[in-house]
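The values are calculated or read from the model by the stated rules, or taken from the named source; none is laboratory data. Owing to the predicted nature of the structure, the values given are computational and were not obtained by experimental measurement. Reconstructed Cβ throughout: ideal geometry from the backbone, glycine too, with neighbour counts over all protein chains shown.
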Amino acid sequence: LDFAPLKNEQEMSKLEITQLSDLFRSKLAVTSEHPCLGDPDTIQFIKNSKVLFINRGLPGSGKSTLSNRIRKVYQNTVICAGDDYFMDEFGNYNFDRNKLHEAHLSAQNKAHKACQNGISPVVADNTNIKFWEFNPYLSIAREFNYIVIIIEPRTEHKFDIEKLYQLNKHNVPKETIKQKLKEFQVVVPIYFGWYLNEKDSLWLNKLAKDCLSEALDKCESFKIDLSNIRSDIDPEKLFEYKNKQQLHCTAKFMGKNWTNNNSLKEYVTNPWVSENLGKAFWLEIVGFSVSKRSIAADIFLKQEQVGKLWGNDFNSNEQLEVLEFFKEDNNNSVLDTIEFADRAHITIGIRAGEKSYKAGIDLVRIKLMKKLNELRGNKMRTVQTDNFEIIYLSDCLCYCKLNNSVKINSLFTGYY
């Protein structure tokens, strides 16, 4: 998803989803550099991670130039292009429409082999006009825990049929380009978020388990209460640790029916979102929430992240789930205590059968209980360890505050 920016944010926010195709065809210049090519933190993150680029665009828009620029920055880059199948040993391009399927399979097999061997980054360099055309690369990324960045050339002529016809190097007919432009699909992820690389994901997973072990070892009340409802309180068996090699903090859940929701449409047409896709951001981990059904890392977001990219606020049903725990309190006073982005978290582990989003519900419940106790002057059971201040509230709800917060690099992108 790479929108050409409009002249101001107000103009962008008024767009209806039916106008998105027109937005993609805009001839407005895109002057900003891709973060993967110009931002030092992003470049460092990608060099230390497993990343798969989906390079999409019309013939002549500058895809090959973009792929080659990526290769200059990242020496191990593997470019997987269907066009390579038609190149002979002398560098001549001999296109055969009847062999298109074999050409794309060849590129996909090349990507699969590179990812299987842990080589990064990998670039899927095809027109990728429709989602199904690059979906095989998404499957490869999921299989080998690669972070996906969908990227497009940021050229003035990217939707100018005349210039595309003049500049494309394989003599693609003008009518073909026109048809491809008509078919160019808007691609929106299931959710946007900040992704950790594999090494940091495994490290954070271990830190969370160490936190859980210390809470069980040092806080007798928590251990007794948890033992009463769970037969096995071994930290390795309490929860399912899914996606432990690719943890993330959700910034905005889009789902599949986002076109019917004004809030989601506003988010996806926000120029800050498209501008920062594929950019690295530091996340600050301040503690862990632990309940009978989840363990999650509590994330403190910077103002830039909260103001421009955070959109994962509670819907009405989720608010009710939070309020169920505060039946004796006034609902409005409880909700007023929730701060924007209080929910920012990374789900580490979840009890079998529970949905992952419940970890965010538990985190907010715990933070609310802690705040309300502080406001009312209620004493809470606390235990100090070398790494954590363990605060036990009740009903197996525990907050482990890190004595020293930890900053960890992440990449803002989407799950497709």
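Taken as a whole, the condition of being part of a helix (DSSP H, G or I), under 30 Å from Ser61 (Cα atoms), touching a residue at least 24 places away in the same chain (Cβ under 8 Å) and not aliphatic (A, V, I, L, M) does not apply to Gln179. Looking only at residues that are assigned to a loop (DSSP other than H, G, I, E, B) and surrounded by fewer than 23 Cβ atoms within 10 Å (Cβ to Cβ) in the range 129-152, which one is nearest to the chain's Cα centre (by Cα)? It comes out as Asn145. So for the range 100-108 (the condition being assigned by TED's automatic domain parsing to the domain that holds Lys63 and more than 14 Å from Gly82 (Cβ to Cβ)), does at least one residue qualify? For the range 100-108, residues assigned by TED's automatic domain parsing to the domain that holds Lys63 and more than 14 Å from Gly82 (Cβ to Cβ): absent. Looking across the range 36-54 at every residue that is in contact with a Lys or Arg (Cβ under 9 Å, 6 or more places away or on another chain) and outside any helix (DSSP H, G or I), the one that is surrounded by the most Cβ atoms within 10 Å (Cβ to Cβ) is identified as Ser49. Residue-level analysis places Phe184 among those that are under 22 Å from Lys256 (Cα atoms), touching a Ser or Thr at 6+ places or on another chain (Cβ under 9 Å) and in contact (Cβ under 8 Å) with a residue 40 or more places away in the chain.
Sort out which residues of the range 165-186 are crowded, with 17+ Cβ neighbours inside 10 Å and either in contact with a Cys (Cβ under 6 Å, 6 or more places away or on another chain) or not charged (D, E, K, R) (or both), and write them in order of number.
Across the range 165-186, the qualifying residues are Tyr165, Asn168, Val172, Ile177, Leu181, Phe184.
Within the range 98-128, the set of residues being free of Cβ contacts under 8 Å to residues at least 12 places away in the same chain and either surrounded by 21 or more Cβ atoms within 10 Å (Cβ to Cβ) or not in a helix (DSSP H, G or I) (or both) comprises Asn117 only.
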